[in-house]
Amino acid sequence: MTKEMKHISETQMAFRQFFKKRVAAACVGTLLLLYFCAIFAGFLSPYSYKTEQRQFSYAPPTAIHFFDERKLTKPFVYGMKMDYDEVNKRIYQEDRSVKYPIELFKKGDKYKIFGLITCDYHFFGVDESTRLYILGADSRGRDLLSRLLYGSRISLSIGLIGVTISFTIGLLIGGIAGYYGGAIDNFLMRLCEMFMMVPGFYLLLALRAAFPDNFSSLQVYLAIIVILSFIGWAGLARIIRGMCLSLRERDYVLAARSLGLSDFQIIVQHILPHTLSYSIFAIMLSIPGYILGESALSLIGLGIQDPFASWGNMLSDAMSIVKIRFYPWILWPAFMIFLTVICFNVIGNALRDVLDPMLKGEGEN
């Protein structure tokens, strides 16, 4: 073993092995890009999530042109005009009599940076007399790209916050049950089984029904986090409890007990840290469930409500096969949910391979 290898910790070795997996590394980059876009959604989106133009209902994606009379030029779009066909269906066509250049740092709808600083500059935009629909428009003429970026704030943050709360509860309850055993272990495990025996989606609906219908969007957002956290902790607690049953007999735990440390200190400082290798990849595999849970609630009208955007309530436009056939761009939120879930699952599986000693041999294949 070389000197360089001696100074590399197991964590550093695990991360080196992880980033050798190109697909997992690409998924990390994708998620970082998504969270970056969510944080700076106001600046990156050309419009506000609630800006409507009813005359452009279900407008198709705008064609961006880079050539004018076969000469490379500054990106621009043509104006948009609307007509009706023989079955009274809207038809959008380019009005080639007028061109609108795409401008960087364009003034537009106001938004707040980090919820504090009011700003009206957007990364790109066009003149107010036309619309720029890069991904198309919804039924109210709202820009889908802007709503996807704003919706990512809710759909992505709910997964992180919800899993943080539920895993904190699961780790503590599992650690306490495994450390003490006996009657405390029996009571806590029966409590976990009560939560696990109810199908997750029905428990989700039952808990959501317990909250008033007149909640504001912020209250609904917090309620969904509480509901999802309430559902997700029980399975983790049972697994952590099994790990703690063996860890509590280790020499370092007996030494800590002989030094007079309290039971809580022993659980938090000496037992639970040894379960983190499992917990890290379990967290990554659990986050998609929280995203799908919020999307399901919003899709059926029990989650985030219009005009606020989340990927779930944006999919309510795609409930009709006829709309999907004529306006396929309304499925962009479904693609974003699919992409995010796949990325978290790939990262979770890769972390399992590099962190679980029993699977390290398989992970290198």
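The values are calculated or read from the model by the stated rules, or taken from the named source; none is laboratory data. Quick caveat, the model's predicted, so the values are computed rather than measured. Reconstructed Cβ throughout: ideal geometry from the backbone, glycine too, with neighbour counts over all protein chains shown. Keep in mind that these areas ignore ligands, DNA and RNA; they rest on the heavy atoms of the full protein, side chains included. Shrake-Rupley method; radii C 1.70, N 1.55, O 1.52, S 1.80 Å.
Take every pair of alpha-carbon atoms less than 8 Å apart whose residues are at least six positions apart; their mean separation over the length of the chain yields a relative contact order of 20 percent. Of the solvent-accessible surface of the chain, computed with a 1.4 Å probe and all protein chains present, 63% belongs to carbon and sulfur. Each 10 Å bin, from zero up to the one with the longest distance, holds this percent of the alpha carbon pairs of segment 227-300: 16, 38, 24, 14, 6, 1.
The value of relative contact order for segment 62-132, using C-alpha pairs under 8 Å at least six residues apart, is 24 percent. Principal axis extents of the Cα atoms in segment 62-132, from largest to smallest and rounded to whole angstrom, are 50, 37, 15. Excluding ligands and nucleic acids, what accessible area in Å² is computed for T168 using a 1.4 Å probe, to the nearest 10? Counting only protein heavy atoms, T168 exposes about 70 Å² to solvent.
For segment 62-132, lysine pairs with C-alpha atoms less than 30 angstrom apart, excluding pairs fewer than eight positions apart on the same chain, total 17.
Distances between every pair of Cα atoms in the chain, grouped in 20 Å steps from 0 to the bin holding the largest one, split as 23, 46, 24, 6, 0 percent.
Summary: within the chain, the longest segment free of trypsin sites (Lys or Arg not before Pro) located in DSSP loops with at most 14 other C-beta atoms within 10 Å is 90-249.
For segment 15-91, applying the loop criterion from DSSP together with a ceiling of 11 other beta carbons within 10 Å to the GluC sites (Glu not before Pro) yields E69, E86.
Net charge in the neighbourhood of I337 (other residues with Cβ under 15 Å of its Cβ; Lys, Arg +1, Asp, Glu -1) is 0. If you wrap the Cα atoms of segment 130-245 in a convex hull and average its projected area over all directions, you get 9.7 nm².
Short to long, the 10 Å bins of the Cα pair-distance histogram for segment 147-359 hold 8, 29, 30, 20, 10, 3, 1, 0 percent of all pairs.
For the chain, the membrane-span-like helix rule (DSSP H, alpha carbon extent of at least 24 Å along the helix axis, mean Kyte-Doolittle at least 0.5) picks out 22-39, 144-180, 217-247, 276-299, 332-355; this says nothing about an actual membrane. Translational diffusion of segment 28-160 was estimated from the Stokes-Einstein equation, with Rh taken as the Kirkwood radius over Cα pairs; at 4 °C and 1.567 mPa s the coefficient is 81 µm²/s.
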